[in-house]
Amino acid sequence: MGGRTTWLLPALLLLLHPGSAAITSPKAARGLERGSLTVQCQYSPGWELYVKWWCRGADWGCCKFFVKTTGSEQEVKKDHVSIKDNQKNRSFTVTMEKLRLNDADTYWCGIERIGTDLGVQIEVTVDPAPVTTGDTRGHPSNGGRSPLGSAHFLLLVFLKLPLLLGMLGAVLWVSRPQRSSGRRQSQPHENQ
Ligand SMILES: *[C@@H]1O[C@H](CO)[C@@H](O)[C@H](O)[C@H]1NC(C)=O
């Protein structure tokens, strides 16, 4: 009985995941933050008129459906994700726009059918956008330079210049009493 169940397990897994042959996709897709990425999934002849879907979550059993086609070539768009079936060359394209870093996850592209759907897993990676904090500032080279320049100018006027004048004043002030005290000191000497 033990031998029978161990033989059944791989067969059961094959029955639960029979989709790998009927549908293919790249194993991974990459995009830039705030950019977009496209995934193309291809399927075997015979599946043209079926509903195609895009699902998020590593667990096949409870992934979250994002978009589904209607079984036609009409593009379906929801939020920043769209799906379009091309029945002539048997492929459907999923486009994710305005990518955010937390869009990175395991996704599936699949075909809806009676029984267990067909599906294939895709690892989506979102790379951080190049350093630009603040969208309103424009070009970082221009935006970054002027505040820094004015800050340095203010530092020069309000800190370095008074410091310089203060030092100059101190030098003059110190040298003056030295002369007078020198005279005062020299006076008793002259008197003695
Ligand atoms: C299928 O056709 C569409 C539209 O012409 C094209 O964008 C896509 O790259 C094609 N896919 C394949 C796998 O040939």
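The values are calculated or read from the model by the stated rules, or taken from the named source; none is laboratory data. Since the model is a prediction, treat every value here as computed from it, not as a measurement. A quick note on method: Cβ atoms are made from the backbone with ideal geometry, for glycine too, and the neighbour counts reach across all protein chains shown. In case anyone asks, the SASA skips ligands and DNA or RNA and just uses the protein heavy atoms, side chains included. Shrake-Rupley method; radii C 1.70, N 1.55, O 1.52, S 1.80 Å.
Residue check: is LYS88 over 21 Å from GLY31 (Cβ atoms), at pLDDT 95 or above and part of a loop (DSSP other than H, G, I, E, B)? So LYS88 passes the test.
If you take the residues of the range 43-68 that are more than 18 Å from THR106 (Cα to Cα) and open to solvent by 20 Å² or more (accessible area, probe 1.4 Å), which of them is farthest from the ligand (Cβ to nearest atom)? Spell out the reasoning first.
Start the filter on the range 43-68 by keeping residues that are more than 18 Å from THR106 (Cα to Cα), which leaves 43-51.
If we keep only those that are open to solvent by 20 Å² or more (accessible area, probe 1.4 Å) as well, we get 44-51.
Values: SER44: 13, PRO45: 13, GLY46: 17, TRP47: 14, GLU48: 12, LEU49: 17, TYR50: 17, VAL51: 18 Å.
In this case the residue turns out to be VAL51.
With respect to (1) open to solvent by 20 Å² or more (accessible area, probe 1.4 Å); (2) in contact with a Lys or Arg (Cβ under 6 Å, 6 or more places away or on another chain), the lone exception for ASP85 is condition (1). For VAL39, the conditions (1) open to solvent by less than 80 Å² (accessible area, probe 1.4 Å); (2) more than 16 Å from the ligand (Cβ to nearest atom); (3) modelled with pLDDT of 95 or more are fulfilled apart from (2). Considering only residues in the range 64-82 that are assigned to a loop (DSSP other than H, G, I, E, B) and out of contact with any Lys or Arg (no Cβ under 6 Å at 6 or more places or on another chain), the one that is nearest to ILE23 (Cα to Cα) turns out to be GLY71.
Can you tell me which residue among GLU97, GLU73 is more than 14 Å from the ligand (Cβ to nearest atom), touching a residue at least 12 places away in the same chain (Cβ under 8 Å) and open to solvent by 20 Å² or more (accessible area, probe 1.4 Å)?
After applying the criteria, what remains is GLU97.
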